[in-house]
Every structure is written in C-alpha cells, then in structure tokens.
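Okay, so here's the structure we're looking at.
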Amino acid sequence: MSFPWAEQYTPKHPLMQWVDEKLPLPRLVYNAVGAGYPVPRNLNYFWNFGVLAGLALVIQIVTGVVMAMHYGANTLVAFGTVEQTMRDVNAGWLMRYAHANGASFFFIVVYLHIFRGLYFGSYKAPREMVWLLGLVIFLLMMATAFMGYVLPWGQMSYWGAKVITGLFGAIPVVGEPIQTWLLGGFAPGNASLNRFFSLHFLLPFVIAAVVILHIWALHIPGSSNPTGVEVKGPQDTVPFHPYYTAKDGFGAGVFLILFAILLFFAPNFLGHPDNYIEANPLSTPAHIVPEWYFWPFYAILRAFTVDFFFIPAKLLGVLAMFASILLLFFLPWLDTSPVRSGSYRPTFKKFFWILILDVLILGYCGGAPAEEPYVMISQVAAAYYFAHFLIVLPLISRFEKPLPLPNSITEAVLAKHGHADGEAAAVPAE
C-alpha cells in the first residue's frame, strides 16, 4: 500500500527513464525503502531491529559461502577442514568467527524484534500476516542454526545432533523410522553430515525469500508505531529516506561495533569448549547443551520428568517444546484487546515484564545441568509461559481498562515534546 501523499518516482535522466520503462527496479526500491514509502514519524530505536536482522542475514550468507568453499562434508575430514580454515586460509579465522558469532547476533536482534512486536501489539490486525511470516522465518532460522551447529563435527556437534534428532524417536509408531530417515542411519554419520550441510547451505536463501514476503506483507498495511494508532494523514508520516535510512544506519553502526568487539576480543565467549574436541561416538560429554539461543526451549523440553498416564515424559517434553513456538502463531486471536500498544495497557505491561523474566529464567535453566533445583524451576517457568498466552493474556484482553489513546500520531508526538494539542505540526519538506 502507498499512501496518496507518497512522493512519486520521477526519473530525470534519459537513461533512468529508459530503465524505468523497461525494468522498473529503481521505482520498486524507491517505493520500498526510499522517499516513496511514508513511515510513521514516531518510530523509536526498537524499530531498528528488523533492518539489523537483515544485516545479520547478509553477514551469515557471505561468510557461510566463503566457509563452504573450504569445508569437507565427511566425518573423516570435517573437523580438520574447519581447523584448517582457521589456521591456513587467509582471513579464514575471521570468516569462521564472524559466522559463528553472527548466528548469535542474528538471534539476539530477532529476539528483540519479536519482543518489540509482542509489547507494541504488532501482531494485531491488520498485520497478522507480517507476524505469521516472521514466525516462519524464526522456525527456518532455528532449523538452519541446528544443522550449522552439527557441521564442525566436534563433541557438541555430534551429541547435539544425537539428542535433537532423538526427539523424533519419542513420537509413537513412526518416530524411530523418521529419526533413521533424518540421520540416514541409526546414528549421526556421513549421510547426516552431507544432508545437514546441503540444507544448511540452502535454507538461508529460503529465509531471504520469506524475508521478501515479510517486507511485502508489511508494506500493505504500513508500519506499526509505538502508539498503535493508525496513520491519519501526511502530518503523521515522514519519508523512509532520508529519515529512517539515517536512523537505521546509526543502528547498524552500533551493531557492527558491538559485533567487532565480540569478534576480535572474545570470539569463543558464546561457544562451547567441548566443540574444539573432535566428535567421538564412544565418549559422551558430561553435560550436553545446545547453543544458548535454544536454551529456553531446551528447558521446556526437560521440564517434563514424569509420564502422564500412557504418554511418556519424553513425548510430553517434545510436544511442549514445539507447542511453545506454535502457540505464537495464534497470538493475534488470543489477544482480543482493541488497543495495540503496551504503553496504553498498564496491566498488560506488568505481565509482559513477568514474561520477559520468565523466558530469561527458562534460558538460564536450559543452560544448567539437568538436576535440582533447575528442573523444578524450569517446570514452574514453563507452566507460566503457557499460562501467560492461554490464560493471562485472554483475561487481560477482556477485563483490562486501557489508558486513553491519542487521536493521532502527531498529537502523541507534540504532547511528548510539550506542545499544545492544537499546535500545528512541523511537516518535513519533501
């Protein structure tokens, strides 16, 4: 969707006029991320994380392609080729560390992007499809990250693959055949490594395709904003370029500085030391854990320790882990409040921060050993996670009394800066 007051693309140079007539790609870019795309004027820095996620995806694809040029998808040489890339390939250490830490930064900005959407109600109508496509991207990221973690063929790579694919074995009747089919055998081996490498190389490009759909779906209703009030007129918007390209550029600079600090001064901080030991099927690590960004879901998986009638605890854990993500697909219909932004929902805001704390507790327990008190804490935290979305949120939507909303985005901006409600807004010159 383009607002009626959006600036139109009018090429002046004869060459650009010819290109626009034959292949209007500059017009598409202009209307998507240029001055032809009006955006709410009150977006804060929490709206930077979508662009930063795109930047992280580009970093992962570029470094991943370079790494693939030197990788051997064979159990006899996989560990050695990664080490050779680190030691003998020019700037190979930089590519490897940038790829490994880039995955962590990718998940950091995506988690912030998701929780921004949760707080400001970005999943509500008319942006349900934007939210659903975003969750599809998240699922694809998780699959890509898991398969990428297997490729270095260290101890955590092997045993992580063994444990995670073993989850499918909990499914009655068809579970074990599915597990064998996924691995290409009864344990992780050459077949597993080959197919994981192939899919790990392919899926980032699938993610990029879904990102395009995600942005396309966003452009139909337009961007949300911190007030949750829809755009009423040209006074509520500014052109995306130069206002938000400059703002996103600043955010990208901060992101790259933090990324460089980790990359050059603590490249192994977010990794596991056992993955520098070559995979050994005969030696089980004392404490098998996935990468840190899977810890909350791993805690939910391990929270089920007792069989429920005829349902094994392992199957309950698997179902709960997948349900914790699939639950988010129904969020636009679980939260029925007409008010979008948490800034105008005092009760919702309190429970939102409880949810943040709950997820952090789940993450801590997921990275801890599977022993008390961590198991009991993760059980309580997992119970609240599901209760928050299935019980608390619907009740808040029904009984909460929200604060008065501003009549327009411009009114909220002027009130924030101490202007009278009736004072005219300064509209940027186009």
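Keeping to segment 293-307, report how many residues are touching a Leu at 6+ places or on another chain (Cβ under 6 Å) and not aliphatic (A, V, I, L, M). Don't jump to the end; show me each part of the working.
In the first step, residues of segment 293-307 are kept if they are touching a Leu at 6+ places or on another chain (Cβ under 6 Å); the result is 296, 299, 304.
Narrowing further to those that are not aliphatic (A, V, I, L, M): 296, 304.
Summing the residues that are touching a Leu at 6+ places or on another chain (Cβ under 6 Å) and not aliphatic (A, V, I, L, M) in segment 293-307 gives 2.
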*Is one or more of the residues making up segment 279-296 crowded, with 20+ Cβ neighbours inside 10 Å and in contact with a strand residue (DSSP E or B) (Cβ under 7 Å, 6 or more places away or on another chain)?*
yes
*asked:* On the basis of being of a type in the set (Phe, Trp, Tyr), open to solvent by less than 20 Å² (accessible area, probe 1.4 Å) and part of a helix (DSSP H, G or I), does Phe352 make the cut?
replied: yes
*Out of the residues in segment 298-308 that are of a type in the set (A, V, I, L, M, F, W, C) and surrounded by fewer than 20 Cβ atoms within 10 Å (Cβ to Cβ), which is nearest to Pro152 (Cα to Cα)?*
Val306
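Considering each residue of segment 84-93, count those that are touching a Phe, Trp or Tyr at 6+ places or on another chain (Cβ under 9 Å) and farther than 17 Å from Ala73 by Cβ, and give that number. Give the steps one after another, and end with the answer.
Filtering segment 84-93 for residues touching a Phe, Trp or Tyr at 6+ places or on another chain (Cβ under 9 Å) gives 85-87.
Of the ones still in play, those that are also farther than 17 Å from Ala73 by Cβ are 86-87.
Of the residues in segment 84-93, 2 are touching a Phe, Trp or Tyr at 6+ places or on another chain (Cβ under 9 Å) and farther than 17 Å from Ala73 by Cβ.
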*Taking segment 309-341 only, how many residues are open to solvent by 40 Å² or more (accessible area, probe 1.4 Å) and touching a strand residue (DSSP E or B) at 6+ places or on another chain (Cβ under 9 Å)?*
1
*Could you tell me which numbered condition Thr63 fails, if it satisfies all but one of (1) in a helix (DSSP H, G or I); (2) hydroxyl-bearing (Ser, Thr, Tyr); (3) touching a residue at least 60 places away in the same chain (Cβ under 8 Å)?*
(3)
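For Phe264, are the conditions met, namely being at pLDDT 95 or above, on the phi < 0 side of the Ramachandran plot and assigned to a helix (DSSP H, G or I)? Before you say what the answer is, go through the steps one by one.
On the way: at pLDDT 95 or above: yes; on the phi < 0 side of the Ramachandran plot: yes; assigned to a helix (DSSP H, G or I): yes.
Yes, satisfied.
Does segment 279-308 hold any residues that are part of a helix (DSSP H, G or I) and of a type outside the set (Phe, Trp, Tyr), and which are they? I'd like the intermediate steps shown before the answer.
Filtering segment 279-308 down to residues part of a helix (DSSP H, G or I) leaves 292-302.
Pro296, Ala299, Ile300, Leu301, Arg302 - these are the residues of segment 279-308 that are part of a helix (DSSP H, G or I) and of a type outside the set (Phe, Trp, Tyr).
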*Only residues in segment 70-83 that are in a helix (DSSP H, G or I) count as the first member; pair them with residues that are of a type in the set (Lys, Arg) and open to solvent by 30 Å² or more (accessible area, probe 1.4 Å), Cβ under 9 angstrom, at least 6 apart or cross-chain, and list the lot.*
Val82/Arg96
*Which of the residues belonging to segment 139-196 are small (Gly, Ala, Ser), at negative phi and touching a Lys or Arg at 6+ places or on another chain (Cβ under 8 Å)?*
Ala170, Ala187
*Give segment 17-68 a look and list any residue that's closer than 21 Å to Ile409 by Cα and basic (Lys, Arg), or say none.*
Arg41
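Could you list, in sequence order, all residues of segment 364-410 that are in a helix (DSSP H, G or I) and among the polar types (S, T, N, Q)?
Here is the first cut: in segment 364-410, the residues in a helix (DSSP H, G or I) are 364-367, 374-399, 409-410.
Within segment 364-410, Ser378, Gln379, Ser397, Thr410 meet the criteria.
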*Single unsatisfied condition, His13 versus (1) open to solvent by 100 Å² or more (accessible area, probe 1.4 Å); (2) within 19 Å of Ala246 (Cα to Cα)*: (2)
*Within the bounds of segment 360-367, is there any residue that is closer than 18 Å to Phe330 by Cα and either open to solvent by less than 20 Å² (accessible area, probe 1.4 Å) or without any contact (Cβ under 8 Å) to a residue 12 or more places away in the chain (or both)?*
no
*Could you please find all residues in segment 267-278 being open to solvent by 50 Å² or more (accessible area, probe 1.4 Å), touching a Gly at 6+ places or on another chain (Cβ under 8 Å) and part of a helix (DSSP H, G or I)?*
Tyr276
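The values are calculated or read from the model by the stated rules, or taken from the named source; none is laboratory data. All values derive from a computational prediction rather than experimental measurement. Cβ sites come from the backbone with ideal geometry, for glycine too, and all protein chains shown count toward neighbours. With ligands, DNA and RNA removed, areas are computed over all heavy atoms of the protein, side chains included. Shrake-Rupley method; radii C 1.70, N 1.55, O 1.52, S 1.80 Å.
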